[in-house]
1. Residue by residue through region 262-274, note down the ones that are in a helix (DSSP H, G or I) and touching a helix residue (DSSP H, G or I) at 6+ places or on another chain (Cβ under 6 Å).
2. Out of everything in region 180-209 that is open to solvent by 40 Å² or more (accessible area, probe 1.4 Å) and in contact with a Cys (Cβ under 8 Å, 6 or more places away or on another chain), what residue ends up being nearest to residue 50 (Cα to Cα)?
3. Within the group 161, 212, 172, 241, which residue is closer than 30 Å to residue 255 by Cα, open to solvent by 30 Å² or more (accessible area, probe 1.4 Å) and of a type in the set (Phe, Trp, Tyr)?
4. Can you pull out every residue in region 447-457 that is open to solvent by 30 Å² or more (accessible area, probe 1.4 Å) and either of a type in the set (A, V, I, L, M) or at pLDDT below 95 (or both)?
5. Checking the condition more than 30 Å from residue 41 (Cα to Cα), at pLDDT 95 or above and hydrophobic (A, V, I, L, M, F, W, C), which residue from 146, 164 passes?
6. Out of region 16-43, which residues are at pLDDT 80 or above and open to solvent by 60 Å² or more (accessible area, probe 1.4 Å)?
7. Quick one: in region 44-92, of everything that is of a type in the set (S, T, N, Q) and open to solvent by 50 Å² or more (accessible area, probe 1.4 Å), which residue is nearest to residue 27 (Cα to Cα)?
8. Among the residues of region 287-329, how many are among the small types (Gly, Ala, Ser) and part of a loop (DSSP other than H, G, I, E, B)?
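The values are calculated or read from the model by the stated rules, or taken from the named source; none is laboratory data. Because the structure is a prediction, the values reported are computed rather than measured. Virtual Cβ from ideal backbone geometry, glycine too; neighbours counted across all protein chains shown. To get the accessible areas, we keep the full protein, side chains included, count just its heavy atoms, and leave off ligands, DNA and RNA. Shrake-Rupley method; radii C 1.70, N 1.55, O 1.52, S 1.80 Å.
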Amino acid sequence: MSDTKKQASTMWGGRFKSGPSAIMEKINASIGFDKRFYRQDIMGSKAHCTMLVRQGILSEDDGRAILDGLDQVLQEIEAGQFEFKAELEDIHMNVEARLAEIVGEPAGRLHTARSRNDQVATDFRLWTRDAIDLIDQGLEGLQRALVAQAEAHAETVMPGFTHLQAAQPITFGHHMMAYVEMVGRDRGRFSDCRTRLNESPLGAAALAGTSFPIDRHATAEMLGFDRPCANSLDAVSDRDFALEFLSAASICAVHLSRLAEELVIWTTAQFAFVRLSDGFSTGSSIMPQKRNPDAAELVRAKAGRVIGDLNSLLIVMKGLPLAYSKDMQDDKEPVFEAFDTLELCIAAMAGMISDLEVNTERCREAASAGFTTATDLADWLVRELNMPFRKAHHVTGSLVKMAEDKGCDLPDLSLEEMQSVEPGITEGAKAVLTVEASVRSRTSFGGTAPGNVRSAAHAARDVFLADAPTIDEDSNGEPLA
């Protein structure tokens, strides 16, 4: 690669006799990825310009020219007519250079009382805020799909598992509602992140603030922030919001991966609990019978990428002294990738759950196998015979062993056989040994009883699925300022 030196940059080259080498230019440029900030960058510049005019730092004529010029730059970018140039390094300098071509000298006044340090921190917060709103919409859609399945299958009995071994009967609706709660916590984490990031770095300048009489509260309000960041050093060097976004995204991706794993298991011929629609399944190039849950498998795999993005940024930030270091240029790509990956995975999971077909007969059959109502018998012994639970556990275990030796299930034992282990057992014990009786009995708050599931689904609609404002996005799924 050529290392030819170039003319010094017009943006910062007064200190330098010549420009960066080709290698330096390539490693230094971020326009390849931070051009995603163009809306937020122009939005921040318009707020900054408006404030400068109000404070008498910039003339009204210059301010009007800058605002009109920024509108033209925005139109050109959105029309695909803007040429992004690597030699201008980043989105800030690309926009400013084009603005100078449009309006001339006034463009050079826009950067008064700010730095690229507070500019990029502002852009990044604005973009992340928009991204959170889009993620929240996607998660709400997933919850809607889960709640709908829960309501449809409030009485569909299936085995509940521990250690992936059949444990106790539950309902399919109850299983779906578990993920509604998990996704609800994900939305809460993103909401908390949004609240904490909603402070404006604009006006912190390079690191120490500015001597110009700016109004940071005004620009914060114009940009929809709750307040300006209180410390200029922290304002330009903080990336906690990005780390928190990635942390919330990673936990959410883990939840999606767990559900994806269950879909993969449940669609096997050995389980056959559910069937994914053709829209979310693929076939084999050699085995005509194959029906593969590829969408679920890919959601499961992509969780690793999101977790890797969090780890990447943690490592970037761990050794940085205050305030800004160029290392922080590498803060954006992990966040962009995590957002793109998670948004796609959420949409895929919502689609899979919406179209899911549940094999109710197979689920019930599996729920009836493996002595899943043994705990119900132990509970009956405690209730009806006033037996200490530990003794009831031992008696039931003995009956399970008897049934296992006979090759039958607990309900198939005769009353006489049961009484040979515990004489106090009556015919009433048999009534609790069906899987339907088992799930109906689990009426404690949060339990699997069908009535509980319906109540939980109704409550979830009130808590999680209220009408939300629409977040606009472009054809590429980008957040709009």
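1. If the condition is that a residue be in a helix (DSSP H, G or I) and touching a helix residue (DSSP H, G or I) at 6+ places or on another chain (Cβ under 6 Å), then 263, 264 are the ones that fit.
2. Restricting to residues being open to solvent by 40 Å² or more (accessible area, probe 1.4 Å) and in contact with a Cys (Cβ under 8 Å, 6 or more places away or on another chain), the top hit is 199.
3. It is 161.
4. Of everything in region 447-457, just one residue is open to solvent by 30 Å² or more (accessible area, probe 1.4 Å) and either of a type in the set (A, V, I, L, M) or at pLDDT below 95 (or both), namely 456.
5. 146
6. Passing the criteria: 23, 26, 27, 32, 35.
7. Only one residue tops the list, namely 81.
8. 3
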